[in-house]
1. Condition test on B:THR182, is it surrounded by 21 or more Cβ atoms within 10 Å (Cβ to Cβ), in a helix (DSSP H, G or I) and hydroxyl-bearing (Ser, Thr, Tyr)?
2. Only residues that are under 19 Å from the mean Cα position of the chain (by Cα) and free of Cβ contacts under 8 Å to residues at least 12 places away in the same chain: list them for region B:57-73, please.
3. Give me the pairs: first residue in region B:9-27 and part of a loop (DSSP other than H, G, I, E, B), second residue surrounded by fewer than 21 Cβ atoms within 10 Å (Cβ to Cβ) and not aromatic (Phe, Trp, Tyr), beta-carbon distance under 7 Å, and six or more apart or on different chains, which are they?
4. Would you check which residues across region A:209-242 are among the hydrophobic types (A, V, I, L, M, F, W, C) and assigned to a helix (DSSP H, G or I) and list them?
5. Would you call A:LEU109 out of contact with any Gly (no Cβ under 8 Å at 6 or more places or on another chain), in a helix (DSSP H, G or I) and crowded, with 19+ Cβ neighbours inside 10 Å?
6. Any chance region B:109-121 includes a residue that's of a type in the set (Ser, Thr, Tyr), out of contact with any Ser or Thr (no Cβ under 8 Å at 6 or more places or on another chain) and assigned by TED's automatic domain parsing to the domain that holds B:LYS10?
7. From the list A:VAL198, A:VAL211, A:VAL156, which one is within 23 Å of B:ILE270 (Cβ to Cβ) and more than 14 Å from chain B (Cβ to nearest Cβ)?
8. Which of the residues belonging to region A:33-75 are farther than 16 Å from A:LEU252 by Cα, of a type in the set (Gly, Ala, Ser) and in a loop (DSSP other than H, G, I, E, B)?
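The values are calculated or read from the model by the stated rules, or taken from the named source; none is laboratory data. All values reported here derive from a predicted model rather than from experimental measurement. Note: ideal-geometry Cβ built from the backbone for every residue, glycine included; neighbour counts use all protein chains shown.
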Amino acid sequence: MSAADIWSPATCRCVDLDNDVLLQTVNLTKYFSIIKGMLRRSINHVHAVDDVSFRIRRGRNLGLVGESGCGKTTVGRTIMRLLDPTSGQILYNDDGKQIDIAALSRGELRKMRSKMQIVFQDPQSSLNPRRTIRDTIAEPLEILKGMKGEQLEIRVLELLDDVGLNPEHAQRYPHEFSGGQRQRIGIARAIAVKPELVILDEPTSSLDVSVQAQVLNLLLELQKEHHMSYMFISHDLSVIRHMCDEVAVMYLGEIVESGGIRDVFLDSRHPYTRALFSAIPVPDPTRKRSRIMLQGAVPSALNPPSGCRFHTRCPFAKPLCSEQVPKEYEAGSGHSVKCHFQDLKFE
Amino acid sequence: MPLLDVQELKTYFFTEDGVVQAVDGVSFELEPGQKMGLVGESGCGKSVTALSVMRLIPDPPGRIVSGRILFDGIDLVQIPKDEMRTVRGRQISMIFQDPMTSLNPVFTVGSQIDEAIQLHQGLEADEARQKTLQMLETVNIANTDRVANSYPHELSGGMRQRCMIAMALSCRPKLLIADEPTTSLDVTIEAQILDLIDDLNRKLNTALLLITHDMGIIAEMSQKVAVMYGGTIVEMADTRTLFKAPQHPYTVGLLESIPSLSVEKTDLRIIPGSVPDLIKPPAGCRFHPRCSQCKEACRQERPHLVDVGGGHLVACHL
């Protein structure tokens, strides 16, 4: 299965496909070795990300959703090359020039850092507690943009203002801020170098819902202003719905369903996606819902199940599912599903 | 008579930085078998309220300063510690957010449930084990023998929480307090656990006090709901009424700041600012610095819960 199957040029409405796609992964795979013994032999692999292909388009947001351990965070970190992929390509469109991030050297990678940035889940552990906010935000500007002096100070204050913080916050330390404010600092640091792509790894999951709303609105405002693309990693489907144009649902290292947000949310085909939707508690007491109850827990990624990886928990599994790996089927324009029985409606 | 009747509960923490007024005048009633939700953001005092009912407030620094907690007519604030021990676990039990930290890592899960049963029901070891296996079956664990002989770290988060529920319900308590029981779990596992709690509430007629920050869970699980903010209840009503016609600006804001799954992309409504510092809570209505409709009276005078019709209580001057 190649990425072209998912978004074939025919289904893409844009004229210049190449320029529209900002980043594309092709069969991206990341295994973690389990090392044992004195000889440090690799005895097994955790299949964290297996053969994942998707595209992020310019100025658009891709949501990556799944439960813990499905590999969504590993995808984000591999794209940033904070982890090195086991195989596969990460193609970045640098003004028409295609760069394979997976093959870059450390030095070349550094140049890419001003194009791609990441915001982490826990702002407490991703900010250096011994540095003032000014130093934290100034660092990428100094290193990647070579800014200094007055120009640098002005830019830092500008960034603080952009994310809704005050100039007097610049000289404070991370512990003096609330969770929401810390996440704003993380965002300011990420957008400081004017990246084209920002990877947001569960940026609001440690925040209260009223603060989460503030941060989500801020992210959308910043996007309007700076024309960035977001890759939004989250386990929260309603947040993804709010933030993204396209979505990919992951289960045990694989993308099981992907497509436009409306297609996947209103016409979900994969039993896992449907179960995920039906499991979310909805803040409406009058709604009686029919739950697709999944039995058991996610299997270990050490030895993923044969055939379709979801078959051990799938309420609709048939013998075929444990024998054969499902292909990716086209369920509609740009909407693809990895299930043998995607045409069945599973009612 | 209500099963649980909390009246003007005040629980303060006396810290070096000052007195934290974590719970400041909370009153509510819970009928036998009823499911009630306490909802609010972090630091609103919902967990401290629950811990006060269990008399599990760490003292020092915390103390129940005033108020009454009537459980079956007995004031839990007044009774001595050893008497409380016979209530706790037997008549009221509690499950916590993170089952890993509430289970003892060096004992098997089974032996921990055995202990609770032996202690509260005075059964012999083998009788207790029978009961343990029975309870594990009740919480939909298939392989009860294996699970009972497992250590907590050998089980998944969902399984651990099931074991906690089995332990909590082993003595058929009249009241189960669940403090964010599914926050550390994935949604598909969360659905399983919520269904289980709901099911057991019906089967065993255990009243439920459910503490959560998730309005979705409240909507699904509770019959009655109290919204807490800054150590006080700002609004209380039956669940349908509260979601249909929220009155307090905080409740309205909270409901509108949840991204919706179904409607089209719109701007989320924002409650500006953040939760108040309960060492120096704002004068008057504690929500007034964040309220868009704040009036002079809100700054001066603390509003009290007023019935706006049909038992729908709101603490707001507007």
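1. Details: surrounded by 21 or more Cβ atoms within 10 Å (Cβ to Cβ): yes; in a helix (DSSP H, G or I): no; hydroxyl-bearing (Ser, Thr, Tyr): yes.
The answer is no for B:THR182.
2. Of region B:57-73, the ones under 19 Å from the mean Cα position of the chain (by Cα) are B:57-58, B:62-64, B:67-72.
Answer for region B:57-73, where residues must be under 19 Å from the mean Cα position of the chain (by Cα) and free of Cβ contacts under 8 Å to residues at least 12 places away in the same chain: just B:PRO58.
3. Listed pairs, sorted by first residue: B:ASP17/B:ILE279.
4. If the condition is that a residue be among the hydrophobic types (A, V, I, L, M, F, W, C) and assigned to a helix (DSSP H, G or I), then A:VAL209, A:VAL211, A:ALA213, A:VAL215, A:LEU216, A:LEU218, A:LEU219, A:LEU220, A:LEU222, A:LEU237, A:VAL239, A:ILE240 are the ones that fit.
5. On the way: out of contact with any Gly (no Cβ under 8 Å at 6 or more places or on another chain): yes; in a helix (DSSP H, G or I): yes; crowded, with 19+ Cβ neighbours inside 10 Å: no.
Considered against the rule, which asks whether it is out of contact with any Gly (no Cβ under 8 Å at 6 or more places or on another chain), in a helix (DSSP H, G or I) and crowded, with 19+ Cβ neighbours inside 10 Å, A:LEU109 comes out as no.
6. no
7. None of the other options fit; the residue is A:VAL198.
8. A:GLY37, A:GLY59
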